Every structure is written in structure tokens, then in C-alpha cells.
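All remarks here apply to the structure that follows.
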Amino acid sequence: FEPIRKINTSEQALLQIQASIFDGTYKAGDRLPSERELAVELGINRNTLREALKKLEHMGLVVTRQGDGTRVLDFYQNAGIDVLGSLLLDQAKGDLRVIEDLFEARELVGKELARSAAMNRDEDDVERMREVIEDIASAPEVPEVQRLEYLFFHELALSTHNLFYIFLINSIKRAYMNFRDLYATASGNPKRIRELLESVVDAVERGSTRDAVREMKKYLGHGKKLMFKTLKIPLKKH
């Protein structure tokens, strides 16, 4: 570990401990160093460390038991999607498979949202999505385009009228926002994004599940192509 120097010491401690779990330094079943040892190594006080450990426990990465200290859990069995918003961003810089996994999951979720929205949307849903699309076209900078793209997906989820999809998109927000710097390349031209999303909404408004899925795949494929080209990840042919 490295001494913590940034203001949000608890978050930085969490990130470093997470990284040591995901890179295999500490494996499932391993006991972390004592609180005293960890606090000294990280250069923080024990209260701050305990705050980080509580968050890690909530995320399903560790468990703390009286008399046994803090042990690492099997993240394949216990970790949730909230882990994406912190560690995987750092891991992605050195492991491009994380990006491939992310875009594969993004396509599956996006197509399902489009399909469900085409079946369940109402006029107000369509109007809200079109308002977001118009804002994208006039967005001055990439971060604003990215925020609006997330907002579009949130509106699309609302259009499904399915609580699971709505909560899923809500839970993805932190991961998406933390990936923004990495994902900036995939945002591309705002006008092109508007065109692609307009086609999605047109299909949703018509109630055509087939067209909605097809147009969503085009939109997602556009961002994936830009990202993979920048990172020199070969696109797999289906």
C-alpha cells in the first residue's frame, strides 16, 4: 500500500484495499493485516480505516468477525455491481478485458431496455426521451454529452415501467460516471449520437420491439467501435 495523501482518505483507502483483492495480493479466505498495521501502512487513522472496511464489507469483498479480524471474500460469489464504480476503472487501465466485458454487458442491458420500452412506453415517456436527445445535440462538451447519455438510459428504463430495470440503471450510475474519462472517446459526435438515439426512440414509439433492439444495437456499436479503435482492442466478428 501507499500512504494516503488525498482529501477523501476513506475512499482512497477503499480503492487500495480493493485493488489488492482484485489483483490477487489477497485471495478469498486470506486475513488482511490488523487494523493497526493497515492504518500505519496507509498513513490514516483507525476510524478512517474502519469506515473503508465497512464499505468493503457492504460491497461483499470482505467480512469482519470478532476475534478473527477481516477476511477476504470470494468476489465472484459476493461482490455486487457497485464494485464497478471504483476498482474496475483502475483495473481497466491495465486489463482491457474489463472493457470488453463492460461493453458486452452494456449491449445486453441496452437491447433489453429498448425491447421492454417498445412494449410498455406511453406518450409522456417518449416526450421525455426526445427532450434529452435534443439537449445532446447542443451539448457544449463531452462530459455533458455523457451525462445526457446516462439520462437517456434512465428515461428509457422508466419507459419500461419495470422496477427492476429502473433500479438497475440507478445502480449503474456510479460505475458509468467513474468510467467517464475512459469512456470519453466513445461519445463521439453529439449530432451522430442524436441521430442514433432518435432512431431508437422512433422504434420505441412505434412499439416495434425488433426495430428498437436493432437501432439500439447500432447506437451501442457506434460507441464500442470508437472505444475499441482508440484502445486498439480487436472487434470480434459475430
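Data table
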| item | result |
| --- | --- |
| Condition met for ALA157 (modelled with pLDDT of 90 or more, more than 20 Å from the chain's Cα centre (by Cα) and part of a helix (DSSP H, G or I)) | no |
| ILE193 surrounded by fewer than 17 Cβ atoms within 10 Å (Cβ to Cβ) and not basic (Lys, Arg) | no |
| Total residues in the stretch 215-238, condition over 17 Å from ALA157 (Cα atoms) and part of a helix (DSSP H, G or I) | 12 |
| Wholly within the stretch 6-70, helices (runs of 4 or more DSSP H) carrying at least 1 residues that are open to solvent by 70 Å² or more (accessible area, probe 1.4 Å), among the polar types (S, T, N, Q) and out of contact with any Leu (no Cβ under 9 Å at 6 or more places or on another chain) | 46-58 |
| Residue among LEU102, LEU113, LEU108 that is out of contact with any helix residue (DSSP H, G or I) (no Cβ under 7 Å at 6 or more places or on another chain), crowded, with 18+ Cβ neighbours inside 10 Å and in a helix (DSSP H, G or I) | LEU102 |
| Pick from the stretch 197-226, criterion in contact with a Phe, Trp or Tyr (Cβ under 7 Å, 6 or more places away or on another chain) and open to solvent by less than 10 Å² (accessible area, probe 1.4 Å), ranking: farthest from GLU123 (Cα to Cα) | LEU197 |
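The values are calculated or read from the model by the stated rules, or taken from the named source; none is laboratory data. Model, not experiment: these values are computed from the prediction. Every residue, glycine among them, receives a Cβ derived from its backbone with ideal geometry; neighbour counts consider all protein chains shown. Ligands, DNA and RNA are excluded from the accessible area calculation, which covers all protein heavy atoms including side chains. Shrake-Rupley method; radii C 1.70, N 1.55, O 1.52, S 1.80 Å.
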